[in-house]
Structure formats: structure tokens, C-alpha cells
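Engineer: Could you have a look at this structure, given as C-alpha cells, before my questions?
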Amino acid sequence: MSRAFTYHHGKDPRSFRYALRQKGNVMRAVMLRDMRTRFFNHGLGFLLVSLWPLAHIFILLTIYSLLGRRAPFGDSMRVFFATGLLPCLTFMYVSRFMALSVVLNRPMLSIPAVKVTDILFARAFLEVIASCFTVFLAFALLLMLGDKPFPFDWAQAAFAYGATILLAVGVGLVAGVITAMFTFFATIYALCMILIYISSGTLFVVSSLPSQVSYFLAFNPVIHSVEWMRSAFYQTYNSQVIDRVYLLSFGLSALCIGLLLERLTRRITLEGK
């Protein structure tokens, strides 16, 4: 009788392992479909996801080099811009493609085992892997160009990047659920990305701006990712706006809101609009 009671209340280890295995199979199937539809039906197409933000960075660097721009801080213009662009582009790419994931994979929702969160987190996993590969390639290229892209504090650099991923996944989850209900929101979110990019401090030092301007810019959580990363790279980088608690709280709150929103609107999301 105790065994029956345990099984009835879902505490049987075997049923728990089965549920985990089933969830893993669903996530794997979603990721494989995502890779085939988005990456030209070939595994090597996945490399393009990492090359796009990398091309973005080095096109900007080339333009500023031709214009004779100097680094607003530090000795290397390439390292300064990379420390700002990598966190910002990580947020933009991860969250934006999460926002589109349910719309692009809606046929999979006809399978009872596949949930909206499976699609969202499968895309998040792929985008995070791609963004980490982008960081590796950027690091290697900077070394090849003669720069020294070594942070002053490796641990803080890792924490800054992890906090950026948390923020991207949390915001992407909220945007993905809303886009699943109202497809036009994808366009609105893409326009918001332009504003976030301009105001995130990737191309300038936020602390050098007037206090009134930097105060309002600090409401953008991405700016704290950029400032945290630069503080890890430059020992003398004295940021006046960085707020690590705000960044982490924003990311965690967005993640919780996204999960709650998905649960409350599951029927509407499945029907789509």
C-alpha cells in the first residue's frame, strides 16, 4: 500500500526519471528541428549563428579604425568595443531569437508532449552555445591582431557574462510568450533592440556623460552588463552607474514573470493569433 501511495503522489523515483528522460527527448527533438530549419539543414550552418555577431563587431571596428577613432578608455580600441559589444549582442541575439522561436516552431505544438517552454528553452540553449562560441572566436581573433584581451578579474568577467545570459533568457522568455500570442510583437521587440543597442554604452563610457543622462540610461539593464564586463577588464575602470543587484534582479524577475505568463496564457498561446 505504501508503494501505491508513493506512486500516486508522484514521488516514485522511476516515474521521475522517466519524466526527465521524456523531457530530454522532447528538447532534443525541438533543437534538431530548429537546427535543420534555421541552419540550412546542416550542422555546419550552426557556425553562422556565431559568425553574424562576430562580423558585426569587426565591421564596426574597421569603420572606426578608418575614421581614426581612439579608444574612449584603455589602450586598445578593439578590446574596449569588444567588451561592450559582446554582452550587448549576446542579449540581443539570444532574447530576439527566443522571441521568434514559438512562431517559427508552432507546428510542433500539435504534438501533445511538446510545450511552449520546451521550444523556448531549446532555442535559448542553442543561442547560448552560439554566443559562447562567438566569445571564443572574438578572443582568438583579438589575440591574432596583437591585442591582449585578458580581463583583470576572470571571475568577475565570467559572472558578468553569466548575468547577461540570465537577463537574455528571462527577457526572451517574456517576449517569446507575448509573440506567441500576438505575432506583431516581434516587430515591436526588434525596434526596441535598436533603442537598447544605442543606450547600452557599448561605444562610449557611460560615467563620462552628465549625471542626469547616465541616471536615465541606467534603467536599461544591459548597460549594467556592459559596465560589469568592463570593470572586470580594466582595473581602473571606475563605473558610476553599475548595479549588479539590479541586473540580477531584473533577469530573475523576467524569468519568473515569463514562466508565470506562459502558464496563465497557455490556451491562448496554443491557439495563436
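Taken together, the values in this text are just the output of simple stated rules run on the coordinates, not laboratory data. Quantities reported herein were computed from a predicted structural model and do not represent experimental measurements. All Cβ positions, even for glycine, are placed from backbone atoms using ideal geometry, and neighbour counts span all protein chains on display.
Engineer: Using a Förster distance of 45 angstrom, determine the FRET efficiency expected from the C-beta separation of Arg17 and Leu67, and round it to 0.05.
Structural biologist: 0.15
Engineer: List the DSSP H helices in the chain whose Cα atoms stretch 24 Å or more along the helix axis and whose mean Kyte-Doolittle hydropathy is at least 0.5.
Structural biologist: Details: long enough: 13-38 (37 Å, -0.87); 46-66 (31 Å, 2.02); 77-104 (39 Å, 1.55); 116-144 (42 Å, 2.00); 154-181 (41 Å, 1.70); 244-264 (30 Å, 1.43).
Helix filter hits for the chain: 46-66, 77-104, 116-144, 154-181, 244-264.
Engineer: Computed from these coordinates, which is mean projected area of the Cα convex hull in nm²: [x] 13.9; [y] 17.5; [z] 14.7?
Structural biologist: For mean projected area of the Cα convex hull in nm², the calculated option is [y].
Engineer: Can you tell me the dipole magnitude for the chain around its Cα centre, using point charges on the Cβ only (Lys, Arg +1; Asp, Glu -1), in Debye to the nearest 20?
Structural biologist: Result for the chain is approximately 1040 debye, rounded to the nearest 20.
Engineer: Next question. Springs between alpha-carbon pairs under 10 angstrom, Gaussian network model over the chain: which of Ile63, Ile165, Ile223 fluctuates most?
Structural biologist: Ile63
Engineer: Same structure again: Towards the positive end of the charge dipole of segment 46-271, with charges on Cβ (+1 Lys, Arg; -1 Asp, Glu), say which of Phe152, Gly251, Ser65 has the farthest Cα.
Structural biologist: Value computed over the given set: Gly251.
Engineer: While we're here: Taking the chain as a Gaussian network, where each spring joins two C-alpha atoms under 10 Å apart, which residue of Tyr64, Tyr161, Tyr93 fluctuates the most?
Structural biologist: Looking only at Tyr64, Tyr161, Tyr93, the largest GNM fluctuation is found for Tyr64.
Engineer: If each DSSP helix of 4+ residues adds -39,500 (n - 2.57) and the sum is divided by the residues in the chain, what number results at 222 nm, nearest 500 deg cm²/dmol? Intermediate values should be presented prior to the final figure.
Structural biologist: Numbers: 11 runs with 201 residues, N = 273.
It lands at -25000 deg cm²/dmol.
Engineer: How high is the relative contact order of the chain, given as a whole-number percent (alpha carbon pairs under 8 Å, six or more residues apart)?
Structural biologist: The value is 24 percent.
Engineer: How many angstrom lie between the C-alpha centres of segment 47-120 and segment 171-228?
Structural biologist: With segment 47-120 and segment 171-228 each reduced to a Cα centre, they are spaced 13 Å.
Engineer: Follow-up question, since we're still on this one. Taking the Cβ-Cβ separation of Ala155 and Asn25 as r and a Förster radius of 30 Å, what is the calculated FRET efficiency to the nearest 0.05?
Structural biologist: On the way: r = 36 Å, r/R0 = 1.19.
Calculated value: 0.25.
Engineer: Among Pro72, Pro149, Pro107, determine the one that fluctuates most according to a GNM of the chain built with springs between C-alpha atoms less than 10 Å apart.
Structural biologist: Pro107
Engineer: Moving on to the next point. Using a Förster distance of 41 Å, how high is the FRET efficiency between Phe136 and Thr187, based on the Cβ-Cβ distance and rounded to 0.05?
Structural biologist: Approximately 0.80, to the nearest 0.05.
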